[in-house]
1. For region A:207-228 and region B:253-325, write down the distance between their C-alpha centroids in whole Å.
2. For a quick check of understanding: with a 1.4 angstrom probe and all protein chains in place, what accessible area in square angstrom does residue B:159 have, to the nearest ten?
3. What FRET efficiency would be calculated for the residue pair residue A:184, residue B:223, taking the C-beta separation as r and a Förster radius of 51 Å, to the nearest 0.05?
4. For chain B, with all protein chains present and a 1.4 Å probe, just round the carbon and sulfur fraction of the accessible area to a whole percent.
5. Set the Förster radius R0 to 51 Å, insert the Cβ-Cβ distance between residue B:235 and residue A:108 as r into 1/(1 + (r/R0)^6), and round the FRET efficiency to 0.05.
6. Can you give me the accessible area per residue for chain B, using a 1.4 Å probe, in Å²?
7. Within a 10 angstrom radius of each residue's Cβ in A:108-119, how many Cβ atoms of other chains show up on average? Whole number is fine.
8. Take peptides B:78-87, B:112-121 and line them up by average Cβ neighbours within 10 Å, highest first, as a rough protection proxy.
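The values are calculated or read from the model by the stated rules, or taken from the named source; none is laboratory data. In this text the structure is predicted, and so the values were computed from the model without any measurement. Note that each Cβ is placed from the backbone with ideal geometry, even for glycine, and that neighbours are counted across all protein chains shown. Only protein heavy atoms, including side chains, enter the accessible area calculation; ligands, DNA and RNA are left aside. Shrake-Rupley method; radii C 1.70, N 1.55, O 1.52, S 1.80 Å.
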There are 2 protein chains.
Amino acid sequence: MSNLEQIAKLSGFSKATVSRVLNQSRHVSQPTRDKILAIMEELDYVPNGNAISLSKGQTMQIGMVTEGINEVMLPFLNSFVETASQYGYQTIIYTSSGDPKKELQAFEDMRRKRVDALVISTCVNDLALLGSYCKYGPIVSWQRMENPQIASVAMNQYDGYTLGLEHVISRGRTRIANAYGRPSSINTLGRIEAYEDAARRHGLAELPQWSRTGIHSIRQGEELVREMLAVEDPLQRPDAVLCSNDLVAAGIVSEARRRRLRVPEDLAVVGFDNTELAHTLGITSIYNPIADQAKNAFHLLLAKLGGACEPQQKLQYCLVQRATT
Amino acid sequence: MSNLEQIAKLSGFSKATVSRVLNQSRHVSQPTRDKILAIMEELDYVPNGNAISLSKGQTMQIGMVTEGINEVMLPFLNSFVETASQYGYQTIIYTSSGDPKKELQAFEDMRRKRVDALVISTCVNDLALLGSYCKYGPIVSWQRMENPQIASVAMNQYDGYTLGLEHVISRGRTRIANAYGRPSSINTLGRIEAYEDAARRHGLAELPQWSRTGIHSIRQGEELVREMLAVEDPLQRPDAVLCSNDLVAAGIVSEARRRRLRVPEDLAVVGFDNTELAHTLGITSIYNPIADQAKNAFHLLLAKLGGACEPQQKLQYCLVQRATT
């Protein structure tokens, strides 16, 4: 006997009436409703979440697509999960470890209606391919995307990076190294443009050998210091370095300390994102309102899912100066 | 017209036959199957994931319960998500921000069959209450739990903490401060016991005023240094501090540097978990095989969910000595 039949039998009402109570229809009298609810309570009956999802056509679940979760992503993840849960949505994490096939799982799950929407933190698949999934549900990206179908909450990193560049240049630095992140990302392209514009504005010689892409970890920051020190003439070394994130800056500052390279005298260091790590290590960094970007991302999705439409918060970078500049 | 009816009509077969193909029944001839699959392909038909969950009685989703995600949890989260996905399971994050009601949402979701199982990273509700949900699905905890219904993959922190204590004592330290974590957790109780035993073993006077609970953040570590320096006589200050995690140790080391308290000469510092942060800052720490504990947690759940039963990995702490001791 199904749960519905059992409740109907015990309560003495029809299955249709029980179903109306379950679906919170108003066409049931209060005494009838009370009696049926009491019996459901007694039976410890709970409606099956999947059945509700199936009948409503929504899962109240949002997938987050990422290569892996690191310190920089934490404020985005925590803020998104928290905001979504305030609206009754849950967040499923899809980590790909950089494998395009694994990443596609998240998109296939939206196609199969296991999630209502997707938020991309980082992704590795071709954007045209990912865009083709937009017909199955809304997709929002944290990073900037050159795909008109995928909305983005990214800020223009040109602005944030320019803050760091102007800061070190104002302190007399002329040989600026750049530790950029992912080579193909629009974020990196914005930063490269910011550097080229600043160099032109201030008449600085560009140092192509010290502009690197694909640098995002502590260990890569450490390695960069060792490479700088391998140059014998200190005047040929960079006198400032701008980093893709605070992890790289942390690696640089720690290795510099171990190798007796003075920060900021010999090398000024600017991080990015202004994480707890920058505070702890006293690293000058660019405040990036990541938690608020996550809120914007959720509200974009919610509006597309037919929920309340809240205006997007206007967000701004700012420089937080500490001991490394 | 439902999808099923549409496929039946276009293929010229009955709904029952289409359904058998969908359910991968063997009682369909190959030409029939091929024809039906071709039509599904043409219609871009995908089975609804919720309908599959409903018919199979499983969601292939596991909820992770946590107050919030921090650096220390990252290896657990990443390893769990990765391992689960290898077996076709997805991980939903439930963060409570310490609110017992919000935390209960995860347990209610298991009751409603929206997740098949739960893994607890940290939790705030009463264990008896949480244990009462075991009848709805398996629950495994990262932390030790004094509830026989909730399995745990925790290691006995007594052993790990003892490694740190014996290390600083072997280096002549006698005034040991303890920055413990959550007061009521079994982890903390294990560490307190380890400290009391070591003090007794080596005839050290205990310093109750320097044994604190509820210390788990960078800023709390910084505050601890300021409190130590407020004691005028250096011989009344602790000469070593063992920390609940590497974040606290990072706060202590950074603040000590700013305040010109020499590490390790004036104060030896031992972290816990041996995270990237400990490496970056050169902090002596206790290696805690967190990623492997996450794997064990998933395999425990999988066995209870009726999947393959892999033996639990035997795990061990070890001391990683760096510049702070």
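1. 27 Å
2. Counting only protein heavy atoms, the figure is 90 Å².
3. Values: r = 44 Å, r/R0 = 0.85.
After rounding, the FRET efficiency stands at 0.70.
4. Working: 7180 of 14340 Å².
So the carbon and sulfur contribution to the accessible surface is 50 percent.
5. On the way: r = 66 Å, r/R0 = 1.29.
After rounding, the FRET efficiency stands at 0.20.
6. Details: 14340 Å² over 325 residues.
It amounts to 44 Å² per residue over chain B.
7. On the way: counts 2, 2, 1, 3, 7, 6, 9, 2, 0, 0, 0, 0.
For peptide A:108-119, the averaged partner shielding equals 3.
8. Details: B:78-87: 20.0, B:112-121: 23.5.
The peptides rank, most packed first, as B:112-121, B:78-87.
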